[in-house]
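Just below is one structure, and these are the notes that go with it.
Here, each number is a calculation from the coordinates, and none is a lab measurement. Bear in mind that the values here come from a model prediction, so they are computed numbers and not experimental data. In this analysis, Cβ positions are derived from the backbone assuming ideal geometry, glycine residues included, and neighbour counts consider all displayed protein chains.
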Amino acid sequence: MRRQAATLAIILAILIYGLSLIDMDVVATGYSVTANLLLDFSEERAESFSGVTGPRDWSFPADYGPHPDFGTEWWYYTGNLHSDDGRHFGYQFTIFRRALRPGSEAGGSEWRGDQIYMAHFTVTDVDGKRFLHDQRYSRAGAGLAGATSKPRPQIWLEDQEMQALNDEASRMRLRAAMEGASIDFTLEQSKPPRLRGVEGYSRKGSEPHQASYYYSIPRLATRGTLTLDGEEIAVQGESWMDHEFFTQYLAGDVAGWDWFALILDDGREMSLGWLRLTDGGERYYGGGGSAAFLVEADGSTRQIAPEDFHIETTAFWTSPHSGANYPAGWQVRMDGDSPLEFTLRPLLADQELHESAIVYWEGAIAIEGDVAGYGYAELTGYHMPMGADFFGSTDA
């Protein structure tokens with residue numbers, strides 16, 4: 001049976017990804033199979049895609065949808081929600097798109113497609129002290145996965161989807177499921193999209209093309225149903241959305257990044273983030289000399305300069321799954337015209353996606369101090385340095 005399962009896994013991998021895209025490592029003992037996508041975005045290959053070299057003209061709602069001429073893209077939602085009886089839940093739902101060649105899906109066989117999609121879905125049951133996570137892949141053939149802007153923005157992978165509910169796409173429906181949990185949420189923009197970096201051009205390295213086009217929707221009123229072990233739970237709260245697309249992203253000296261999306265009780269939102277370098281140093285990203293991005297209650301934005309931004313790790317957590325050692329608590333201080341001091345604390349220590357293609361920590365956090373609220377943190381590169389296979393890194 002194990003030999004048959006291994007053979008079936010190989011056949012399925014070939015059907016989904018194609019022989020030319022797979023590096024197979026079949027181990028005779030135990031008949032285990034691994035398949036790694038060979039999606040190298042070298043300088044030569046990247047030239048066939050659109051590049052990110054400076055600010056662009058944005059057009060919403062079209063830009064809520066896909067940009068298939070760029071190599072990689074993701075739509076990312078996180079949120080903190082409560083039930084009527086006060087139970088606290090966090091969720092992440094992300095769909096990634098990776099192009100095999102630029103442009104829309106090719107004709108020919110209905111199974112043929114020029115894009116590969118991956119979905120990550122997690123639920124944090126804070127009171128139950130458990131973290132559920134799931135990963136899916138599909139090629140954009142036969143309608144199994146895809147993304148469109150018309151007639152309304154929609155991104156899907158099998159039965160998991162992000163779908164606009166009105167022409168402006170200011171209301172979205174999210175549906176996702178995995179073993180033991182599912183969500184069916186409606187999200188409505190409390191604030192419009194905010195462009196990141198310089199007019200949406202977010203630098204990640206010293207070279208102009210080491211960048212992404214990037215916007216955030218920092219606050220979305222969220223309500224719907226979370227089903228957990230068959231129990232339907234009505235929940236409501238607030239979510240954060242990020243959308244990035246690019247062809248080449250990271251410089252070769254980047255090991256990973258620490259990123260935070262914070263929704264404050266006073267009506268403001270904040271994003272903090274920096275790249276960790278292989279030599280132990282750090283690089284703030286986004287362009288414009290910014291270490292943090294603050295959205296005021298009235299929707300206006302301002303950048304926090306690196307000299308006015310200070311963060312100290314106060315605790316660590318070692319994963320029993322991967323062995324990675326992650327930061328697990330932070331003290332943040334903002335100087336300048338409107339000084340702030342607050343702490344960030346994981347609501348659950350174990351929120352690691354340890355069975356995903358890229359092992360990383362992504363979880364719900366609490367904000368306490370001069371400001372309060374909830375948010376999400378993403379910590380990558382602690383298990384293994386981030387490489388070019390998924391994100392299209394290039395040497396600086």
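Kindly write out, for the range 300-305 in residue order, the coupling ³J(HN,Hα) from the Karplus curve 6.51 cos²θ - 1.76 cosθ + 1.60 (θ = phi - 60°), rounded to whole Hz, with x marking Gly and Pro.
Per residue, the Karplus-derived 3J(HN,Hα) values read 6, 10, 8, 9, 9, 5 Hz.
Between GLU207 and ALA366, what length comes free when the chain is fully extended (0.36 nm per residue of separation minus the Cα-Cα distance, one decimal in nm)?
Result for the pair: 53.7 nm of gain on full extension.
Given a Förster distance of 35 angstrom, what is the FRET efficiency for LYS129 paired with LEU165, based on the Cβ-Cβ distance and rounded to 0.05?
About 0.55, to the nearest 0.05.
Would you mind getting me the FRET efficiency between PHE60 and GLU341? Use the beta-carbon distance for r and R0 = 22 Å, nearest 0.05.
So, using R0 = 22 Å, E works out to roughly 0.05.
Mind listing the long-range amide H neighbours of GLY363? Cut-off is under 5 Å, sequence gap 5 or more, other chains count too, H placed in the peptide plane at 1.01 Å from N.
When sequence neighbours closer than 5 places are left aside, the close amide H contacts are ALA377.
Between SER83 and PHE316, how many nm apart are label points set 7 Å from Cα along the C-beta direction?
3.7
Please list, in chain and number order, the residues 5+ apart from GLN115 or on another chain whose amide H is under 5 Å from its amide H, with Hs placed from the backbone.
Under 5 Å from the amide H of GLN115 lie the amide H atoms of LEU100, ALA140, each far enough along the sequence or on another chain.
How much length, in nm to one decimal, is gained on full extension between VAL198 and THR148, taken as 0.36 nm per residue of separation minus their Cα-Cα distance?
15.4 nm
Mind jotting down the distance between the C-alpha centroids of the range 316-332 and the range 136-167, whole Å?
Here the answer is 34 Å between Cα centres.
Express in nm, to one decimal, how much length is gained between GLU188 and ALA221 on full extension, taking 0.36 nm for each residue of separation and deducting their alpha carbon distance.
Length gained between GLU188 and ALA221: 11.4 nm.
Kindly identify the range 39-391 as rounded, prolate or oblate by the Cα gyration tensor criterion: order the square roots of the eigenvalues as a ≥ b ≥ c, call it rounded if a/c is under 1.5, otherwise compare a/b with b/c, prolate if a/b is larger, else oblate.
rounded
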